[in-house]
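Asker: Before I ask anything, let me first share the structure, which is written out below as structure tokens.
The values are calculated or read from the model by the stated rules, or taken from the named source; none is laboratory data. Keep in mind it's a predicted model, so treat the numbers as computed, not measured. For neighbour counting, all protein chains shown are included, and Cβ atoms are generated from backbone atoms with ideal geometry for every residue, glycine included.
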Amino acid sequence: MKKTKYFFGAIAALMMASCSSNDEPKPETPDVNGTDNYVTVNILASGAENGRAASDFTDGDDAESKVINALFMFFDDTDKLVDYSTPAIEWKENSSNPENPAVTKVGSVEINLKEGLIYKKVVVALNPSAEGIAQLYGDVRTMADLNKFYKDYASLANAKNNAQRFVMSTSSYYADAARNQLVNATPITNENIYKASEKVDGNPPATAKTVDMYVERTVAKIELTNSVNTDNFELNANDENDKTKLILTGTDGQPKTPIVIKPVLLAMAVNVDCKNAYLVKKIDNLDNFGYGNGEGGWKNFEWNDPENHRSYWANTIIEGATKKQQNYLTWAQLTADKYKIQDNRPVVQYINPNTYDYAIRDDAGTQSTKVMIMARLCEDGDPDKPLDLIKCGDVYYTKDDFLTLAADKVNAAIKNIKDSPRFTAADMKLKQSGDVNPQTGAHDMAYAVKVMLKQDVTDKTVASAIESCLKSNFNDFAPRFWNKGKTYYFTSIRHQGFTGLSGTGEEYLYGVVRNHHYKINISSISGLGTPVSTDPDDPDNPDEPIDPDRPKGDPTYMKANIKILKWRIVSQSLKLE
């Protein structure tokens, strides 16, 4: 990474290179002649759109709307970068646009243009980090370079204390109904440019048109609330007379007295978010996904809004099929203090957008962003009575009974083999089943286990008989193990307005889009949930990523009501620092 002293001097070096480098010759017919040329730039944010409900929009709070610094990037008519501008000046006082109250002015600034350069387009990045600015200086030379630029902006938004910042950039949309005219930068014309000599009392002349730039945040906001009533919890399990009770099987194969099981809710959080986000929203190749033309999956959702300089869908970064492109959290991370369910306190997370084509077609897609509740299954809902619970086929056991039964089956299978040993439950262990998924780093069947002996048996005949016994009686059924009662419930976050995916049989699309505020209330859960058994030998501190999955055939549900708001930025007096 470039040192700090580099990017303090980088803008001066870049401007000199722009004027004198043999590789980047000075334009022969510049639109700007002289050093006293200026443009005035307004930074604006859309509120409620025409014909859409104002309730779909919400103002950001002070932290979400504060502007610390701004980086303007200017391009010529060949899309080559010609100038950076980082004015360290105070913004003018803000006000709502009287002609369109739905639009908020974030700030206004006058920018001095350089001699001998052609200014045709401008992109702004608000609140980039020093590291981000240095990388932009080093890597961006054309619009194509900028459109490939990405970082982890969610980490900046989630940072504590004064380091928290929300990166915003120029909004992307199509200017025409046919979606041929992509706008991802703001045009500059000669009507926007004026000279110092034309100012009136230090202000721009009345004939000079202000450059209006619309911005949006690079992250999405997820706000989780919980209204689950565990008094109404139903297992939907195997006691047909009482859905709150579970019938366990003992070591003799006979049903035991049914027990009441309730989940103790621990935490709620968002899992499976993208590692990075584009600085400038990419919507230019949505048609490649079979969308974007008002047909098929998009027929009931108009995602392009040129009247308000916005779009409501985008592409997600794809770095290659073998690279891990999303974050998968562990049980320990998902149950951290900041996600704990307590005192009706909402849990707020800022995440990078996730709109992968292969992650949004169904609710079980492991690469779609999930909202999750973590819980422990406890007898009578008593947190001091978590259950080590195993399901094998359609039969439920405690862990101790299951291992005792496994030992008994093994002893019966080898009893006629001369000098064969005898085993107890203490000789048996559980091991996680499934292969590691190279995309996520998690096991495909993290909830499934195998039962096996703790120690190897040297006699091959005995070992073969034991393996065959355990396979046919237990392991072929992929037993599920709720380790210390650990379980989770989840559902994918659904974006607004999608119906009728052509040719897939699915009814919805799922995704998380930048600059949207998803208010999600988890209203109910039922069933035993998905077991967390990633480390049977260390049940309280699993450190393996959880790739949210739902065992097929299990009646497990979580209902979440999702309301989607579009942020708009609060009008305030701002200072560049």
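Asker: Find the residue count for region 64-115, including only residues that are aliphatic (A, V, I, L, M), over 25 Å from Asn308 (Cβ atoms), assigned to a loop (DSSP other than H, G, I, E, B) and at pLDDT 55 or above.
Answerer: The qualifying residues number 2.
Asker: For the structure I just gave you, tell me whether Ile188 is touching a strand residue (DSSP E or B) at 6+ places or on another chain (Cβ under 9 Å) and either closer than 18 Å to Met73 by Cα or surrounded by fewer than 22 Cβ atoms within 10 Å (Cβ to Cβ) (or both).
Answerer: When the stated conditions are applied, Ile188 passes them.
For every residue, the table says whether it meets (1) part of a helix (DSSP H, G or I); (2) at pLDDT 90 or above; (3) over 20 Å from Arg217 (Cα atoms).
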| position | (1), (2), (3) |
| --- | --- |
| Val123 | no, yes, no |
| Glu131 | yes, no, no |
| Leu146 | yes, yes, no |
| Asn162 | yes, no, no |
| Arg165 | no, no, no |
| Asp176 | no, no, yes |
| Arg179 | no, no, yes |
| Glu191 | yes, yes, yes |
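Every residue, every condition in (1) at pLDDT 75 or above; (2) out of contact with any helix residue (DSSP H, G or I) (no Cβ under 7 Å at 6 or more places or on another chain), yes or no:
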site: Asn521; (1), (2): yes, yes
site: Leu528; (1), (2): yes, yes
site: Ser533; (1), (2): no, no
site: Pro542; (1), (2): no, no
site: Asp547; (1), (2): yes, yes
site: Pro551; (1), (2): no, yes
site: Pro555; (1), (2): no, yes
site: Leu565; (1), (2): no, no
site: Gln572; (1), (2): no, no
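Asker: From the list Ala185, Ala178, Ala163, exactly one residue is touching a helix residue (DSSP H, G or I) at 6+ places or on another chain (Cβ under 8 Å), free of Cβ contacts under 8 Å to residues at least 12 places away in the same chain and aliphatic (A, V, I, L, M). Which is it? If you could, list the steps in order and put the result at the bottom.
Answerer: Numbers: Ala185 fails: free of Cβ contacts under 8 Å to residues at least 12 places away in the same chain; Ala178 fails: touching a helix residue (DSSP H, G or I) at 6+ places or on another chain (Cβ under 8 Å).
Just one listed residue meets the conditions, Ala163.
Asker: Let me ask something else. Hey, among the residues in region 336-357 that are among the β-branched types (Val, Ile, Thr) and outside any strand (DSSP E or B), which one's surrounded by the fewest Cβ atoms within 10 Å (Cβ to Cβ)?
Answerer: Per the stated criteria, the residue is Ile341.
Asker: Taking region 368-404 only, how many residues are buried (at least 18 other Cβ atoms within 10 Å of the Cβ) and under 27 Å from Leu470 (Cα atoms)?
Answerer: Qualifying residue count for the region: 16.
Asker: Moving to a separate point now. For region 433-445, check the following and say yes or no: at least one residue is at pLDDT below 90, surrounded by 15 or more Cβ atoms within 10 Å (Cβ to Cβ) and on the phi > 0 side of the Ramachandran plot.
Answerer: Within region 433-445 (the criterion being at pLDDT below 90, surrounded by 15 or more Cβ atoms within 10 Å (Cβ to Cβ) and on the phi > 0 side of the Ramachandran plot), the answer is yes, since at least one residue qualifies.
Asker: In addition: Give region 243-277 a look and list any residue that's hydroxyl-bearing (Ser, Thr, Tyr) and touching a Leu at 6+ places or on another chain (Cβ under 8 Å), or say none.
Answerer: Here is the first cut: in region 243-277, the ones hydroxyl-bearing (Ser, Thr, Tyr) are 244, 249, 251, 257.
Of everything in region 243-277, those that are hydroxyl-bearing (Ser, Thr, Tyr) and touching a Leu at 6+ places or on another chain (Cβ under 8 Å) turn out to be Thr244, Thr251.
Asker: Given the conditions (1) modelled with pLDDT of 90 or more; (2) under 30 Å from Asp384 (Cβ atoms); (3) among the polar types (S, T, N, Q), and given that Ser464 satisfies all but one, which numbered condition is not satisfied?
Answerer: Exception for Ser464: condition (2).
Asker: Moving on to the next point. Can you tell me which residue in region 217-245 is farthest from Thr189 (Cα to Cα), limited to those that are assigned to a strand (DSSP E or B) and modelled with pLDDT of 90 or more?
Answerer: Residue satisfying both the conditions and the ranking: Asn226.
Asker: Could you give every pair whose Cβ atoms fall below 6 Å, whose first residue belongs to region 404-430 and is assigned to a strand (DSSP E or B), and whose second residue is surrounded by fewer than 17 Cβ atoms within 10 Å (Cβ to Cβ), counting only separations of at least 6 or pairs across chains?
Answerer: From residues that are assigned to a strand (DSSP E or B), the pairs are Lys429/Lys454.
Asker: Additional query: Can you name the number of the only condition in (1) in contact (Cβ under 8 Å) with a residue 24 or more places away in the chain; (2) surrounded by fewer than 20 Cβ atoms within 10 Å (Cβ to Cβ); (3) part of a loop (DSSP other than H, G, I, E, B) that Asp212 fails?
Answerer: Condition not satisfied by Asp212: (3).
Asker: With the requirement that a residue be touching a residue at least 60 places away in the same chain (Cβ under 8 Å) and assigned to a helix (DSSP H, G or I), what does region 133-144 give you?
Answerer: Ile133, Ala134, Gln135, Leu136, Tyr137, Gly138, Met143, Ala144
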